[in-house]
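Throughout, read-outs are computed from the coordinates displayed, never taken from laboratory work. Just so it is clear, the model here is predicted, and its values are computed rather than measured. Cβ placement follows ideal geometry from the backbone for every residue including glycine, while neighbour counts extend to all protein chains displayed.
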Amino acid sequence: FSPAFSPDGRWLWFLSEREFSVVNGSPWGDRNTGPFFDKRSRIYALALQPDARFPFRHPDELQIGADDQAKSQSNGGSDDAIPPLAWDGLAERLHEVPSAAGNWSDL
């Protein structure tokens, strides 16, 4: 829920409730008729093109060369067109942001 595109149009950020840790002491609670789940939401990013690199990924030798190439291309001209969505391999380009689960409600 709460989807938002990145300013460059290469990422779709969204929230998803996928964290189900029971806050109560036992599965059915202390004096409750059911379990209570708190802080269920996590932040996810979906790369819309296969060449997009996850911003929270640690730098490596491949990223150093890509940064230099991106800088040289950005100095050459300004092509602000958003590339089309690449459907092939879309499911493999889902990334979880390395942050704690929370009670997120809006991006």
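3J(HN,Hα) along segment 92-102: 7, 9, 8, 10, 9, 5, x, 9, 6, 5, x Hz, from the Karplus curve 6.51 cos²θ - 1.76 cosθ + 1.60 with θ = phi - 60°, whole Hz, x for Gly and Pro.
Charge tally for N103 (other residues, Cβ to Cβ under 12 Å; Lys, Arg +1; Asp, Glu -1): -1. Put a dot 7 Å past the Cα of W13, heading toward its Cβ, do the same for A86, and the two dots end up 2.2 nm apart.
For F54 and F36, the difference between the fully extended length at 0.36 nm per residue and the C-alpha to C-alpha distance is 3.2 nm. Close amide-amide hydrogen proximity is noted between S16 and R42, Y44, each under 5 Å apart and 5 or more residues distant or on a separate chain (H modeled in the peptide plane; Pro and chain starts excluded).
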